[in-house]
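Structure, as structure tokens:
The values are calculated or read from the model by the stated rules, or taken from the named source; none is laboratory data. The structure presented is a predicted model; accordingly, all values stated were derived computationally and were not measured. Counting neighbours? That spans all protein chains shown, and the Cβs are built from the backbone with ideal geometry, glycine included.
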Amino acid sequence: MQCGRLGRFSRPFKASFVALIIAALVALPAAAQTTVRVSGWGGTDIAIVEELIERFVKPAVEPLGINVVYEPIADAYDTYIVNALSAGTAPDVFYVDIFWAEGLMRAGQLEPLNDYMAKSDVLKAEHIIPELLAAFTLDGKIYGIPKDFNTLALFYNKDLFDLAGVPYPDENDDWNTLADKLSRVAALGPDFYGLALQPEYARFGAFALATGWQPFDENGRTNLLDPRFVEAFKWYTGLVANRSGVHPQDVGQGWGGGALTTEQVAAAVEGAWILGFLRDSAPNMEYGAVPLPKHPGTGERGNIIFTVSWSINARSQVKEEAFKVLEALTSPEAQQWVLERGLALPSRAALVDNPYFAQPDREAQANLIVFKGASDGYVEPFKFLNYGGDWMAPINDALGAVLLGEMDADTALREAQQRMDALLAR
Amino acid sequence: MADARTGATAPQAAAVHPASQPTPVEMEKQKAAARRAWARAALVYVLLLVFSLFFMGPFLFATLSSFKDDPIEWPPRLDPPQLKPANWVAAWRLGKAGGGSGWFGAFAPGAEVPFEVTYFVPDGIEPQAPIVRVPRRLPGAGIGAVRPGAFAADYAIVSEVVETARQPAEVAGVSGQLVTYAFTIRHNGEPVVADRLPLDLEVQLRQTFYSATLAPNRIERLGRVQSWNNVAPGVIPYVFYNYTRVFQENYSRTTGKNLFLTWIGNSFFIAGVKVLTHLIIASMTGYALARLRFPGRNALFMLILFSMMIPGQVTFISNYLVLRDGIFGLSKLWGQETLLNSFTGIILSGLCGGSAVFIMKQFFESLPRELEESARIDGAGPATIYTRIVLPLARPALGAVAILTFQGVWNEFFWPLIVLTTPQDKFTLTVGLLNLRQAYGAVALDWGPLLAGAFISAVPVIIIFLVFQRYFVEGISFTGIKG
């Protein structure tokens, strides 16, 4: 799929009189300004990026003769970007989710940014939280600047702990002390439960990592029968036994945030994305957020980093200009603006000292916990080489089957390991 | 139906015993036959009812849910407070009291909103006046989260809370008393109008909410907090809460245009133009294939039929590339580098469909040739015959093509999604709805605006269906297939 502007006129079937006319039209003088196309997904992000471009990007790059065009994509963004990269219609600067980043990095579709950052005064590698930058680094090359991120924290409903007379979860809790607190809240009555247990690696994974288990060993193999993984799996699924944990479906909800709003579930493991939902669905809930509990053996927490980068198209015609736009999008001022409105967590490490985090407000407090989660204990980005969601499916299915009581943990894990081996052998 | 059946059994009985009255046994038989007939009729009606509920049910339920605060509440209620006339009256009064109109409320200078709330307090607990707060409530999702308007909290003054009534009562088998409190919320007079006035009331545990001037949107913290999105709403923002949000919260940052209205306009424009091109091209092609004799006619017709047999998915990529290059560069003749992200592209890529040609050809073949022959004797050429004789006669077929095309284009989703990616004011309504899903559903699981948008998008097709039912059926009988 060659898409050079002149390349297509050389195709023989177009060497007709039409081509002559077109050639004449192409010769028209080109616009004096360079246009940089910026793209991301739709939803609330549209309003955020529009504001960023108006406030921070345009003032910075318009004097350089750069015109920024923002093209949000309504849905199926990952499909769009892969198709557009193949068709040669992809934008110059665009979002890349860590979840599917590796495929694009390996295919050479993203421009390595090391050289640009070496020359830049505004954007240096040491400005960005190292764990986040590492997620977008492959073989020493940096393929994207994280625009924001999320990690997991324990959100709990203070009212239920008060009602049960149980102390709130705190940062010193380990798995056992937390399970004890949860079971005492559940003892309030048959309608009350401890922790919302989503059958997903995206939540459970943090507990597995806390044991010191790694998703891939040095041979690229995943071992679900590792005693550490088995221990985490049994602890997580075992919570349902005395209602210390509950599948969100059992309270008529699809996820931990929904389960919290029922006021029947004491706690949930979620990221900062829960804040906007609670603001709309339960604006008065007295909730708190604490770091995930430590594993009693290792004394460490685990966590998963969810992040999205701004990356540059490797085949862009305007890479230098695109990097200027990227600099403005991730500038300290832009990130501070986003943070102070509570819209997302910044990737610049220095912003941990921002006065926003010192507010007594519960959202700011929760954001701070999530922000710190990126550098506390065994933390892994939410990506699985280039297996994507297929890698999680066996684990998710095993969690679901055990939480619903369809299988015991050992059988489920053996089955999951077989599926995992089949996947990795492909 | 049942009467006709029982009527039919009576003459039979009479034929067997012409002279005599029916015996008790025969009367029993007649009654049994009548019962069977009734049972059959009842069965037919019940089945029809079940089927119509089965097919209409999801639509009706979605429409009902689009009025609710939380459309995915569980267990679902069939009587949300938004559909209760008492609340409509309250919304009207409160909207006026807030300084807006009864239809559209507001919180404007001069506002004086009276509010009453009643709690049930079981025996043994001392009633407590609620703590009244006008919160600064920022939306969690959608455009409001990024660009909030004025907060009523900055301009509201709450009066003292007074107890106005106390009477003994028994609620759910517990004896206690009903205590009513009243207060007023005033605007401090600064010249700022807030579009809504949220309210939170907090009481002690076990003092339960009983009733209020307006039903609360949610009760939180184990019954302690009652919370309202807007206590000066006016009827329309109260009943059509999600609908007003769809229109109010979606506007373009760059152009300031109302996006939802723009999307509706775009869909109408594209559907309208495509209906026109379909009518013109399909009727001319159909007429030529039905009447004119020229070499390759059958091959051409086969080709058109063949085009109907290729699934759209097969040609998506090549069509996309053709549009990307502006139909091999042709579009540069009128100054467009590419036809992606342009209405021209989306219209040119679907000027006419094989099925429309097929409908028209089949119809023209059913017209008597004599009409055209007599016109030809009067000296009319093919063009005159086509415009003066054939087209006026083809009205039913044209109607069918127009309706099927409109419905098809209006609901078309995948192709506009691929071609029209930017800016947002180029979207059609279907693609715009997807954007709502991202903005509200995916971020905050707030499905109300999406349901409201989906209902609005269904309205034109429903109206067209009701008005032109007859043509729909004809369209189906012409082709044997729908669409």
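Just a few scattered comments:
- One residue from A:85, A:52 being part of a helix (DSSP H, G or I), more than 9 Å from chain B (Cβ to nearest Cβ), within 22 Å of residue B:427 (Cα to Cα) and in contact (Cβ under 8 Å) with a residue 60 or more places away in the chain: A:85
- All positions within region B:349-366 that are in a helix (DSSP H, G or I) and either touching a residue at least 12 places away in the same chain (Cβ under 8 Å) or not assigned by TED's automatic domain parsing to the domain that holds residue B:330 (or both): B:354, B:355, B:356, B:357, B:358, B:359, B:360, B:361, B:362, B:363, B:364, B:365
- The single residue among A:92, A:139 that is at pLDDT 95 or above, more than 25 Å from residue B:432 (Cβ to Cβ) and either within 14 Å of another protein chain (Cβ to nearest Cβ) or surrounded by fewer than 16 Cβ atoms within 10 Å (Cβ to Cβ) (or both) turns out to be A:92.
- For the residues B:182, B:111, B:153, the requirement of being closer than 30 Å to residue B:447 by Cβ and within 40 Å of the chain's Cα centre (by Cα) singles out B:153.
- Scanning region B:108-133 for residues that are away from chain A (no Cβ under 14 Å), outside any loop (DSSP other than H, G, I, E, B) and within 22 Å of residue B:97 (Cα to Cα) returns B:112, B:113, B:114, B:115, B:116, B:117, B:118.
- Test: residue A:218 is assigned to a loop (DSSP other than H, G, I, E, B) and either crowded, with 23+ Cβ neighbours inside 10 Å or within 13 Å of chain B (Cβ to nearest Cβ) (or both): no
- If the condition is being closer than 26 Å to residue A:335 by Cβ, more than 13 Å from the chain's Cα centre (by Cα) and polar (S, T, N, Q), then region A:270-318 contributes A:311, A:313, A:316.
- Single match in B:263, B:334 (criterion: farther than 17 Å from residue A:87 by Cβ, within 14 Å of chain A (Cβ to nearest Cβ) and at pLDDT 90 or above): B:263
- Number of positions in region A:99-127 that are surrounded by fewer than 15 Cβ atoms within 10 Å (Cβ to Cβ) and in contact with a Lys or Arg (Cβ under 7 Å, 6 or more places away or on another chain): 1
- All conditions in (1) in the same structural domain as residue B:230 (by TED's automatic domain parsing); (2) over 30 Å from residue A:283 (Cβ atoms) hold for residue B:49, with the sole exception of (1).
- When we screen A:106, A:11, A:37 for residues that are within 11 Å of chain B (Cβ to nearest Cβ), modelled with pLDDT of 90 or more and farther than 30 Å from residue A:277 by Cα, the only hit is A:37.
- A search for C-beta distances below 6 Å between a residue of region B:168-179 that is assigned by TED's automatic domain parsing to the domain that holds residue B:210 and any residue that is assigned to a loop (DSSP other than H, G, I, E, B), counting only pairs 6+ apart in sequence or on different chains, returns B:175/B:123; B:176/B:123; B:179/B:127.
- Region A:52-83, residues that are crowded, with 19+ Cβ neighbours inside 10 Å and out of contact with any helix residue (DSSP H, G or I) (no Cβ under 6 Å at 6 or more places or on another chain): A:53, A:77, A:80, A:81
- Applying the criterion of being of a type in the set (Val, Ile, Thr) and at the interface with chain A (Cβ under 8 Å from one of its Cβ atoms) to the residues of region B:419-475, the residue that is surrounded by the most Cβ atoms within 10 Å (Cβ to Cβ) is B:431.
- Residue within region A:305-321 that is part of a helix (DSSP H, G or I), within 24 Å of residue A:82 (Cα to Cα) and not basic (Lys, Arg) present: yes
- Pick from region A:358-395, criterion assigned to a loop (DSSP other than H, G, I, E, B) and touching a strand residue (DSSP E or B) at 6+ places or on another chain (Cβ under 8 Å), ranking: farthest from residue A:286 (Cα to Cα): A:382
- In the set (1) under 27 Å from residue B:285 (Cα atoms); (2) part of a loop (DSSP other than H, G, I, E, B); (3) of a type in the set (A, V, I, L, M), the condition left unmet by residue B:340 is number (1).
- Leading residue by the ranking (surrounded by the fewest Cβ atoms within 10 Å (Cβ to Cβ)) among those in region B:259-286 that are out of contact with any Leu (no Cβ under 6 Å at 6 or more places or on another chain) and among the aromatic types (Phe, Trp, Tyr): B:269
- Taking strands (runs of 3 or more DSSP E) as the structural unit, those lying wholly within region B:134-237 and holding at least 2 residues that are out of contact with any Ser or Thr (no Cβ under 6 Å at 6 or more places or on another chain) and away from every other protein chain (no Cβ under 14 Å) correspond to B:156-158, B:162-171, B:174-187, B:208-212.
Here is a yes/no grid of residues against (1) among the aliphatic types (A, V, I, L, M); (2) in contact with a helix residue (DSSP H, G or I) (Cβ under 6 Å, 6 or more places away or on another chain):
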{"site": "A:183", "(1), (2)": "no, yes"}
{"site": "A:203", "(1), (2)": "no, no"}
{"site": "A:206", "(1), (2)": "yes, no"}
{"site": "A:210", "(1), (2)": "yes, no"}
{"site": "A:214", "(1), (2)": "no, no"}
{"site": "A:223", "(1), (2)": "no, no"}
{"site": "A:226", "(1), (2)": "no, no"}
{"site": "A:232", "(1), (2)": "yes, yes"}
{"site": "A:239", "(1), (2)": "yes, no"}
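- No other residue among A:274, A:312, A:305 is buried (at least 21 other Cβ atoms within 10 Å of the Cβ), of a type outside the set (Phe, Trp, Tyr) and within 11 Å of chain B (Cβ to nearest Cβ) apart from A:274.
- Subset of region A:252-269 [crowded, with 20+ Cβ neighbours inside 10 Å, at negative phi, within 12 Å of another protein chain (Cβ to nearest Cβ) and not polar (S, T, N, Q)]: A:256, A:257, A:258, A:259, A:260
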